[in-house]
Each structure stands twice: as C-alpha cells, then as structure tokens.
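The values are calculated or read from the model by the stated rules, or taken from the named source; none is laboratory data. Computed from a prediction, not measured in an experiment: that's the story for all the values here. Here the Cβ is made from the backbone with ideal geometry for all residues, glycine too, and neighbour counts use every protein chain on show.
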Amino acid sequence: MAKKSTFRTNWPKFVLQLGVLAAIIFFVSGLAVKLFPGITAPDPEKYCPYGGLEALATYIQRGSLPCSMTSLQILLGIAAAAAVILFSKLFCAYVCPVGTIEDLLIKLRKALKFKGLGIRNGSVADKLLRIVKYALLFWLFYMTISSSELFCKNLDPYYAVATGFKGEITLWMSVVTVSIVILLGLFIDRFWCKYICPMGAISNSLKFWIWVAGLAVLFIVLDLVGLTVGWVWVLAAFCLLGYLLEILCGKPKAQILYVINDEDKCTNCQACRKACPYNIDITSLGGKVTSVDCTLCGECVASCTTGSLTIGRKKGMKYLPAIITLAVAVIAFIIGKSFELPTISVTWDIEDGMELEDVRIENLRTVKCYSSSMAFKARMEKVNGVHGVKTYVGSHTVVVSYDPKTTTAEKIQEAVFTPSHFRSYSPDPAEVSEVKVVTIRTEHMHDKTDLSYLGLQFKLREKKIFGLDSEYDCPLVVHVYMDPSEDLDEEFYREVVEDKSLDMPVASGGIKSTPVDFEFVRLEKGFTTMPVGEYLEMMFDGFHADYNGRYPSGDTTVVRKRKIEYENAPQFIYEVADQTFEKTVVTKALPYLSNHVSREEGVISMDLKLNKDYVPSIQFRFAAPATAERIWELMSMDTWTITYTSGDVREESARMKFKNPGISYPAE
C-alpha cells in the first residue's frame, strides 16, 4: 500500500508550525525592519513559555522577575501548562520552533532515503536518556531562581540561533545544544524533544497533574504543621516524581482529549507508528492513546488509511488541537498584556506609624531588566526619605514610595533625573567664534537616554544644531546649542519634541523606529551666546587615570601615587592629537591603552582632553626615566600587556592604531 502524505490532511499543524517559524525568521533576520520601518523587532525571549514558567517560579520564591520577563511571558507559560493538563503538549506539537526543526529533519532524512537510528520506547537506553531532561530542568530552575537571571539563555538552542550566537549565551553550551538538535535530530526522531528539552520534562510531569497536585498538597500540609521544606527540595521532588511517573507509568489518564483508535477498523498496518514523531506503538495501547509522549500532533490520524484513528470520538474534531492552540495563545496574549507584575518590589527602613506615599515615573528606558532594576533600587536607597521601589520593565516604569514628612514627589523626581548632554557635531573654531543658546521646556523626559533621542530628532532635521544639554526643573530645562545663523520658531521646536517616533536608518538597511512620548511646554524668550571654545570644552567627554608606583621606604616597599613621587622632578607632556579620538571605538580602548603604558616607570598619568587647538588628544604626563620615544613605542606596539589582576597579566592585540607620533613639551 502506498504511503499516505499528511501535508494535505493535517494542514493546520503545518500552517501553525511553519507560520511561527517564518515569523521568527522574518523578525530576527531584520526583514521586518527593512520592509516595515515602523516595526521594532521583538526580543527573541519575549514569547517563550518556558522562560515564563521560570519567571513564575522566581516570582513565587523571590518576589522578583528574572531578566526582562513580564506578565506576558508568565501568562504564555501558564497557558502552555494548562493546555498540557487539559489536552496535551500542544505547544510542543504546533508552536515550538525547535520541535518544528526536529520534524523537518525527520522529513529531510526520509527524503534523502537513509535509515535513522531507533531507540525503542521502554528500553533501558530510553529510560536512562529520559532522565537527562529532568536533570537539566532542575539545574536551570535552580540557577534561575538563585540568581533571578534566565540561566536557560546560556544554552537554549533557539535563543542562540535567533540572536546569531550574540546573545547572553555560553558559547560552548550553545554549540553543543544546537549540534544535538541538528545532528542527533537528523538520525533519531525528535531526540531533543524526547530526551533533552526541559520544557518537555515540565509537560510530561504535568500530564500526571493529579500526582503533582498531590505532591503540592503534601508540602502545604508539612508547612502548616511547622515542617517547612526548602524550595530546592520541592523542585527536586517535582523532577524526581515526573521522571519516575514517565518511566514506570507512562500513561496519564486525566486529560479530556485523546487520539482514539477504533480497533474494529484497525488493520495493524503500523502506518500510524511510522508517522508518529515519537514512534508510539498506537495499536498496542488499545482504544485510547494514553502515551506520555503524545502531543496530539495529528500525524497518526492523517496517516491512517482505514479511518480508525480520530482525535476525540468524532472525525470532525481532527482540527480541534490546532484551534485550541491558537485560541489559548491569543487569550494568554490578551490577558498578559492587560496587567504587569513588578520586576522588583522592595521596601526598607519602614518604622511604625510611617505613612508612605507613591510617585510614579514613566519612560525610564534604562530600567529594562532585573539587574537595572536592582541598580535603580540601590540608587534610591541613598535618597533621604525613600523607603521602597517597584519597577515594571515592560513599560519602563518605576513607583517610588517615600515619607512625605521627609521629602516630596518633586525631590524624588529630581533624584531620579540624570543631567546629560548630546552632541550632534562639533563646530569648527576656525569658522564659528560663538554658539547661540536657546532654551526650551519639556515634560516626560526622566531618563538619561531621552535627551539622546531628542538630539537625534533634531539631527534628522538637518539644521545647524550642534548639541543639547539638560538640567532639572519643572518643566525640564533643555538648552539647544546652534550656529548663530539659525533662527527657528516655537512651532519648529514643538514639532520636533512631540514627534512620536524616532526613525533612524540602520547600517544593515531599513529604518529602526523607536516610540517616544515627549511633551513640548514652551520656548523661553530670547537667547544667549557663548564662546565656541567654552562650548567644546563643556561637551567634551574626557578620560583621566593616575598611576601608582612601588617605591622603597626603609626596609619595605610601598605603593604610592607617582604624581607624589615625581612632584619635584621636571615633568613633560607627550601628546598625540586626532579628531577621531572622540569616537566610541577609541574611548572604549583607552582604559586598555592606559593599563598597558602605566607599566612604564616614570609615566605619571593619562588624559583624553582637548588641546589648545580644540582637537581631541591623548596626553601622557611623564618624568625621567620615561621618555617621549619610549611612550610612543609602547603606544604603537601591535601587542599590549594588560594587567587584569596581580596574577592575571595577558598579552593581547592592540585595540587601536596610531598614525603619526605626537609631540612633547614641558608640563605646566
């Protein structure tokens, strides 16, 4: 009998699988941004239900959310778990991109007509391999809950590929897992899903949800009688119970939807077993397919030539799992978007009788994950009168709790605000002698990145605007520095400030759109001017490092600042000037250059500053025995010697190249 293709009869499964895979490729490849400039590519981890379950466990245990997780991921995780309990592993069958790749590898192997390797269900090898995913589940949950960081990103094959191996990964782990998915998946049907995937371990455990519920009740009872069990033991018990039920029982019977086999019509042709991605021997299970591996993918039903297999009791229900999958995902998405859990919610130093008030501050773009939330909390702990912080990373919002008897909401907003500056380009002192300064007032610019966004909006207008800076007030003060020939009216400033989208061209092509929500209040009357040199000095981001030396002192050696040791010696400056020294790639390399040159005795300090001609210059202060020639030799080496710690000194390739030697002159 000819083999029956399942593409036509099981088309909803392939539409969902390939649709999800195509959407992921569309976004992570950058095509979405190129074709639709208003689209922002989502974070690859944003819709992962496994990450959502890790986030939920972390929230229950620690009261905080890991990384940039939000209620959306948690709801997607809960939805996937609920679908397992009620129906089956629908996420695995219809949505998971790794599962889709595994299915495509099976079809590739069959198209190439070479025989795969089989691991018989229930064999010793099968039972031993199944423990791997439970061990991995325990490890990943333990590490995530302990650190409040999604540890699974270190090795998740989907995350590694979606980020181009540039995400928060451990390279060797990611290479191993991607290799397992592709190489072993090509030879052994759904190897990753069956033996390695921690989401598969959760799903298989939840198929025995009555036992899991019983385990939960047991721990609750123990807690009520005073025998509190640590969360690590609860996690270990869940993993152990799931594994034992999977290998010893393997047939959960508390779902409401199964594949049904009409044994009167069945001819035992084994077409269903050959089509099943998990090689389930369906005919041996009787009338109801209760295997823990079954995902209700429908491949067995689609392959059946006698019509003996159905999903549920009616033939018309064969599309029901795909419909349920889509409905559950949509409902979870809607609910998850309707509210937001705080990433952290902490209080400190609250005294009896203290009545706190809250101030809500939105659009803090730098509050975007657990780590940045904790950094914000540490900053607020230093503010007198503040006693609590909640952060919501999905909306970049914070709620600060304070004692109104000690401080005010305005003072809290001032403490949150970080003055900043933005340079569009630098005026040439040979062409411009002074800079015109106009002052505007704005709202909704609390974050230090907001001024950069506004500066880029001005830059896109191609006016002779040199830069911006900000200072706290209500409303916020923004100074706009420009060529004296520019004469811009209030309507121009309003249009720029209240543009709701920053659309920037990207190097790879297309446009990157960033939503902004600033408010223009007014343009202050008149303007002032300032010398161009003063403006350039004010806007310049410099660098400074003082060096230590080891010097004999009696019978011992002491560490002392070289500027003290050489304060009475003739000192000189070795200067190398270049306009490119303002570039980020250079400023990032400066600490390494400083570290390398500081090894030379007699070199006192290093600066990046504007020289007398207002050109960015690297300046080394030195005294004998150091010389200008030796400093240039060190700077121009192909290999730098970098000291990370006293016991960790490395030879590394130079992080920057210099074209021409500098000049030396006496220090003032």
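Tabulated results
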quantity: Filter result for MET538 (modelled with pLDDT of 90 or more, within 26 Å of ILE604 (Cα to Cα) and of a type in the set (A, V, I, L, M)); calculated: yes
quantity: Qualifying residues in the range 522-540 (those that are aliphatic (A, V, I, L, M) and either in a loop (DSSP other than H, G, I, E, B) or surrounded by fewer than 16 Cβ atoms within 10 Å (Cβ to Cβ) (or both)) - the one farthest from the chain's Cα centre (by Cα); calculated: MET530
quantity: Test: residue in the range 602-609 that is buried (at least 18 other Cβ atoms within 10 Å of the Cβ) and over 22 Å from GLY542 (Cβ atoms); calculated: yes
quantity: For VAL393: the one exception among (1) closer than 26 Å to GLU149 by Cβ; (2) surrounded by fewer than 17 Cβ atoms within 10 Å (Cβ to Cβ); calculated: (2)
quantity: Boolean, LEU186 is within 24 Å of ARG62 (Cβ to Cβ), among the hydrophobic types (A, V, I, L, M, F, W, C), in the same structural domain as LYS274 (by TED's automatic domain parsing) and crowded, with 17+ Cβ neighbours inside 10 Å; calculated: no
quantity: Tally, over the range 303-317, of residues that are buried (at least 21 other Cβ atoms within 10 Å of the Cβ) and not hydroxyl-bearing (Ser, Thr, Tyr); calculated: 3
quantity: Subset of the range 84-127 that is buried (at least 17 other Cβ atoms within 10 Å of the Cβ), β-branched (Val, Ile, Thr) and part of a helix (DSSP H, G or I) - its residue that is farthest from the chain's Cα centre (by Cα); calculated: ILE106
quantity: Test: residue in the range 611-631 that is within 24 Å of GLY533 (Cβ to Cβ), in contact with a strand residue (DSSP E or B) (Cβ under 6 Å, 6 or more places away or on another chain) and acidic (Asp, Glu); calculated: no
quantity: Wholly enclosed strands (runs of 3 or more DSSP E) of the range 329-396 bearing at least 3 residues touching a residue at least 40 places away in the same chain (Cβ under 8 Å) and farther than 23 Å from THR449 by Cα; calculated: 344-347
quantity: Odd one out for GLU668 among (1) surrounded by 13 or more Cβ atoms within 10 Å (Cβ to Cβ); (2) modelled with pLDDT under 95; calculated: (1)
quantity: Helices (runs of 4 or more DSSP H) completely within the range 147-215 that count 2 or more residues being within 23 Å of ALA125 (Cβ to Cβ); calculated: 171-179, 198-207
quantity: Single residue of the range 656-665 satisfying the filter (under 22 Å from THR584 (Cα atoms) and touching a strand residue (DSSP E or B) at 6+ places or on another chain (Cβ under 7 Å)) that is surrounded by the most Cβ atoms within 10 Å (Cβ to Cβ); calculated: GLY662
quantity: Close pairs from the range 108-129: first in contact (Cβ under 8 Å) with a residue 12 or more places away in the chain, partner part of a helix (DSSP H, G or I) and not basic (Lys, Arg), Cβ under 6 Å, at least 6 apart; calculated: ARG109/LEU186; GLY116/PHE187; LEU117/PHE187; ILE119/ALA125; ILE119/ASP126; LYS127/ILE247; LEU129/TYR195
quantity: Residue count, the range 252-286 (criterion: surrounded by 14 or more Cβ atoms within 10 Å (Cβ to Cβ) and assigned to a loop (DSSP other than H, G, I, E, B)); calculated: 13
quantity: Count of residues meeting criterion [part of a helix (DSSP H, G or I), touching a residue at least 60 places away in the same chain (Cβ under 8 Å) and over 17 Å from GLN61 (Cβ atoms)] in the range 216-251; calculated: 5
quantity: Residues located in the range 424-475, provided they are in contact (Cβ under 8 Å) with a residue 40 or more places away in the chain, hydrophobic (A, V, I, L, M, F, W, C) and either part of a strand (DSSP E or B) or farther than 16 Å from GLU537 by Cα (or both); calculated: VAL435, VAL437, VAL438, ILE440, MET445, LEU454, LEU456, LEU460, ILE465, PHE466, LEU468, CYS474
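Each row is one residue, and each column tells you yes or no for (1) touching a Lys or Arg at 6+ places or on another chain (Cβ under 9 Å); (2) polar (S, T, N, Q); (3) at pLDDT 90 or above; (4) assigned by TED's automatic domain parsing to the domain that holds MET374.
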residue	(1), (2), (3), (4)
THR228	no, yes, no, no
ILE260	yes, no, yes, no
ILE282	yes, no, yes, no
SER291	yes, yes, yes, no
LEU296	yes, no, yes, no
ALA302	yes, no, yes, no
GLY307	yes, no, no, no
PHE333	no, no, yes, no
